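Comments concern the structure below.
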Amino acid sequence: MATIRDLVLVHVDNRPGFFARIEEIVPDVKPGWWQVRLLVLTLPLQVYTWILDESQINGAPFTMGGTPMVLENVVCPPQANERRQPFPTSSNEEEPTPSPSASDAPSPAKVVFLADRKKKD
């Protein structure tokens, strides 16, 4: 089910047309219909507001001016995360070996403030 902040691929005339992010879904004056505000990810950025029913928001085909349309929810493919490589270390540094501790709980992450980094450069 597509909802606010979801990325959708809009198929136009049975072909991929453009990507958009759902910015807002508010009830329309007509019961059972919704005003869906889309941020269309083109250059320049555009904002469309379409009046759709629940099934159309969830991927059911519909037409606009006789042109077939479909909203398809975009999900990040799992293999994209597997390809991520760690940052390389310089050859002078050896990777530290983790020392066993009394608890196996992970240590809290270090917070790096970008504003502080700018001041140093």
Original post:
Between residues in the range 63-77 that are more than 14 Å from Arg5 (Cα to Cα) and residues that are of a type in the set (Ser, Thr, Tyr), which pairs lie under 9 Å by C-beta distance while being six or more apart or on different chains?
Top reply: Met69/Thr63
Original post:
So which strands (runs of 3 or more DSSP E) are wholly in the range 1-52 and hold at least 3 residues that are touching a Lys or Arg at 6+ places or on another chain (Cβ under 7 Å)?
Top reply: 15-27
**OP:** Considering each residue of the range 16-34, count those that are farther than 16 Å from Met1 by Cα and of a type outside the set (Gly, Ala, Ser), and give that number.
**Re:** 8
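Read-outs: derived from the displayed coordinates by stated rules, not from any lab. All of these numbers come straight from a predicted model, not from anything done at the bench. Note that each Cβ is placed from the backbone with ideal geometry, even for glycine, and that neighbours are counted across all protein chains shown.
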